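Structure first, commentary second.
Every number here is computed from the coordinates shown, using simple stated rules; none is lab data. Values in this document were obtained by computation on a predicted structure and should not be read as measured data. Backbone-built Cβ (ideal geometry, glycine too); neighbour counts: all protein chains shown.
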Amino acid sequence: MSISIDLAGQVAVVTGGGSGIGEAISKTLARAGASVGIADLSAESAERVAKEIAADGGQAVAAAVDIASRESIEAGLAVIRSALGPVAHLVNNAATWSVKPFADHTPTEIDRVIGVTLTGTMAVTQAALADIVAQAGSIVVISSDGARIGERYMSVYAAAKAGLIGLTKSLAREVGRYQVNVNAIAPGTTNTPGSAGFIEQAGGQEKLARAYPLGRIGEPQDIANAALFLVSPLSSWMTGQVLSVSGGFTMV
Ligand SMILES: NC(=O)c1ccc[n+]([C@@H]2O[C@H](COP(=O)([O-])OP(=O)(O)OC[C@H]3O[C@@H](n4cnc5c(N)ncnc54)[C@H](O)[C@@H]3O)[C@@H](O)[C@H]2O)c1
């Protein structure tokens, strides 16, 4: 006997799907049969990932989307809906961050990090929610362990990511009656283009890995496996949860 996950006929949108964790999630959901809408600020990255999915036998469409703009979100979702159909699953993965002492953040930098990471995620979720409710789909939010245990020099980002945990839990209570699951993943440090500078500043992968009970930092596929589980029927009785995927670094 074997267990398989079959998402054929279901449309999943992944924000920030053109790089790192979002790319791995897009490719993993496509391998499970989903039709994937890759919504990324970088049209070039989104196109590359969509082409690689197609070359692997999957179905994907790229859309250039800035989640900080409601107009851009609506335009991107229109492209995805017309190519693939209504959205069943949304993976809110796009974010932005700044690494510096809290006191040094300018109001503009605070607005940018909150505007993309927190407000932008809420805007995408609002834009896709009616589709997701109609199909009893799911929402996965990529938060961060920085929101749960704190991260020096990333206070504004951690505040935005903590806001996403509040959104996850409250929305889960609101839409549970429609059989929509809303869960969050809190990754530990994961080896992506976006985290390369942070990893270098922290002394490199090997040094960081010493703090991880499982002896290594994360790979994008580690997070994608958890996202697949949360999108799939295997997690149908889970909602409002925050799953740390962090090699045991955070145990809460
Ligand atoms: N890598 C880590 O160590 C780590 C740890 C915890 C949480 N996370 C979270 O995982 C997610 C992915 O991070 P990553 O490390 O893969 O980053 P990454 O930089 O490799 O990829 C992020 C992608 O998001 C896109 N993006 C950025 N701003 C956008 C916007 N306004 N609209 C649409 N797309 C936008 C980028 O173009 C890029 O393709 C983020 O939410 C991040 O906060 C990462």
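Worth pointing out:
- Estimated dipole of the chain in Debye, rounded to 20 [Cβ of Lys and Arg +1, of Asp and Glu -1, Cα centre]: 560 debye
- Eigenvalues of the alpha-carbon gyration tensor of segment 186-248, scaled by 5 and square-rooted, set the equivalent ellipsoid semi-axes at 26, 12, 9 angstrom, largest first.
- Neighbourhood net charge (15 Å Cβ-Cβ; Lys/Arg +1, Asp/Glu -1) for Ile132: 0
- Kirkwood analysis of segment 93-183, using all unique Cα-Cα pairs, places the hydrodynamic radius at 13.8 Å.
- Segment 111-252 pair-distance distribution - Cα-Cα, 5 Å bins, rounded %: 2, 10, 18, 22, 20, 14, 9, 4, 2, 0
- Length-normalised contact order of segment 11-243 in % [C-alpha pairs under 8 Å, at least 6 apart]: 20 percent
- Charge context of Leu230, other residues only, Cβ under 15 angstrom, K/R +1, D/E -1: 0
- Cut-off 14 Å between beta-carbons: net charge of the residues surrounding Val113, Lys and Arg +1, Asp and Glu -1: -1
- Cα-based helix-to-principal-axis angle, 70-84 vs the chain, degrees rounded to 10: 40 degrees
- Viscosity 1.567 mPa s, 4 °C: Kirkwood-radius Stokes-Einstein D of the chain over Cα pairs, µm²/s: 72 µm²/s
- Loop trypsin sites (Lys or Arg not before Pro), segment 135-202 (other Cβ atoms within 10 Å of the site Cβ: 11 or fewer; DSSP): Arg152
- Backbone N within segment 207-226 under 18 Å of label point (7 Å from Arg152 Cα along the Cβ vector): 207-212
- Here the gap between Ala55 and Ala136, fully extended at 0.36 nm per residue and compared with their Cα-Cα distance, gives a gain of 26.2 nm.
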